[in-house]
Amino acid sequence: MSDETPVEVPVERLSDEALQGIVDDFILREGTDYGIHETALQTKRDQVMAQIKAGTAVITFDPDTETCTLVRRER
């Protein structure tokens, strides 16, 4: 393991299909709790995309695990 720091992935460099795949993977992760009320998948997608567009969430790539995830942008 190289202990490399995850790098931010510019959203504009991703295809629409790749971006949706990353967002869906994040939303559908096992163990994710959305509270008492069920929320439609499309609503969750819209919420995450709004955070990405607003810059409050970013996609990162971890070279050690070769995976992408979404994280809140640290200000």
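Here, each number is a calculation from the coordinates, and none is a lab measurement. What you see is a predicted model; the values in this text were computed from it and never measured. When we count neighbours, we look across all protein chains shown, and the Cβ atoms used for this are built from the backbone with ideal geometry, even at glycine.
P(r) tail, the chain: Cα-Cα pairs separated by more than 19 Å, 38% of all pairs. Considering only GluC sites (Glu not before Pro) in DSSP loops that have at most 15 other Cβ atoms within 10 Å, the longest stretch of the chain without any of them is 39-65. Between residue 38 and residue 70, the simple label model (points 7 Å from Cα in the Cβ direction) yields a spacing of 2.1 nm.
I'd like the chymotrypsin sites (Phe, Trp or Tyr not before Pro) in the range 3-75 restricted to DSSP loop residues with at most 15 other Cβ atoms within 10 Å, sorted by number.
On the way: sites: 26, 34, 61; in loops: 34.
Answer by residue number: 34.
Computed from Cα positions, the angle between helix 41-54 and the longest principal axis of the chain comes to roughly 50 degrees. Between residue 60 and residue 8, the distance separating the two model label sites (each 7 Å from Cα on the Cα→Cβ line) works out to 1.2 nm.
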